[in-house]
């Protein structure tokens, strides 16, 4: 495999048509992530897992119960091929490339024009780790280390940081003063004080910030 320098990006797939070719456990994992993104998902496979069937029954996904055919991905925004057939995966990749679609063939970086990193989330905080396809297992181990560092309390801290930022944007006119204020208080939030303590910190840092606005 030739090493590539990938450009990291987060995609907005809400309302976008995404197709998964394959209906096994790997396709199921990919489907779960896409559902969370708000994508419109169609799974193409003769058989699908029990969990995928439950998603179909809840109208969370559509299921075409047959093997992949040329033309199936014509209207797709993004395609994931997760079949057990190398031949089918190559056909999907070739068709997607000819249509200029985003395509990922699981565990085959050479057939992909994008790869999926190892990700974990804490509320609106997303942390992604990639080795450029060299060693997904290595990326997974680093992700596990980061999960221990950034615990579930990060979700609440991020909410407080977001509220502080919005308040500062409204009430501190000077750009440099506002940026200094946000930087200082973001660090305080990350270190983890209770909200009441943060409110007192805001008040000391700038008279323009009202604790009642937080």
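The values are calculated or read from the model by the stated rules, or taken from the named source; none is laboratory data. None of these values were measured; they are calculated from a predicted model. Ideal geometry is used to build each Cβ from the backbone, glycine not excepted, and the neighbour counts take in all protein chains shown.
Considering the conditions (1) outside any loop (DSSP other than H, G, I, E, B); (2) under 12 Å from the mean Cα position of the chain (by Cα), residue 148 is excluded by exactly one of them, (2).
The set of residues from segment 131-164 being over 13 Å from residue 190 (Cβ atoms) and in contact with a helix residue (DSSP H, G or I) (Cβ under 6 Å, 6 or more places away or on another chain) comprises 131, 133. Kindly indicate whether any position in segment 177-184 is surrounded by 14 or more Cβ atoms within 10 Å (Cβ to Cβ), at pLDDT below 90 and in contact with a helix residue (DSSP H, G or I) (Cβ under 6 Å, 6 or more places away or on another chain). Within segment 177-184 (the criterion being surrounded by 14 or more Cβ atoms within 10 Å (Cβ to Cβ), at pLDDT below 90 and in contact with a helix residue (DSSP H, G or I) (Cβ under 6 Å, 6 or more places away or on another chain)), the answer is no, since none of the residues qualifies. Only a single criterion out of (1) out of contact with any helix residue (DSSP H, G or I) (no Cβ under 9 Å at 6 or more places or on another chain); (2) without any contact (Cβ under 8 Å) to a residue 40 or more places away in the chain is not satisfied by residue 108, namely (1). Please indicate, with yes or no, whether at least one residue in segment 152-171 is touching a strand residue (DSSP E or B) at 6+ places or on another chain (Cβ under 6 Å), surrounded by 14 or more Cβ atoms within 10 Å (Cβ to Cβ), assigned to a helix (DSSP H, G or I) and at pLDDT 95 or above. Within segment 152-171, none of the residues are touching a strand residue (DSSP E or B) at 6+ places or on another chain (Cβ under 6 Å), surrounded by 14 or more Cβ atoms within 10 Å (Cβ to Cβ), assigned to a helix (DSSP H, G or I) and at pLDDT 95 or above.
Of the residues in segment 122-136, at least one is loosely packed, with under 14 Cβ neighbours inside 10 Å, under 21 Å from residue 13 (Cβ atoms) and either in contact with a strand residue (DSSP E or B) (Cβ under 9 Å, 6 or more places away or on another chain) or in the same structural domain as residue 188 (by TED's automatic domain parsing) (or both). The requirement of being modelled with pLDDT of 55 or more, surrounded by 14 or more Cβ atoms within 10 Å (Cβ to Cβ) and within 25 Å of residue 121 (Cβ to Cβ) is satisfied by residue 193.
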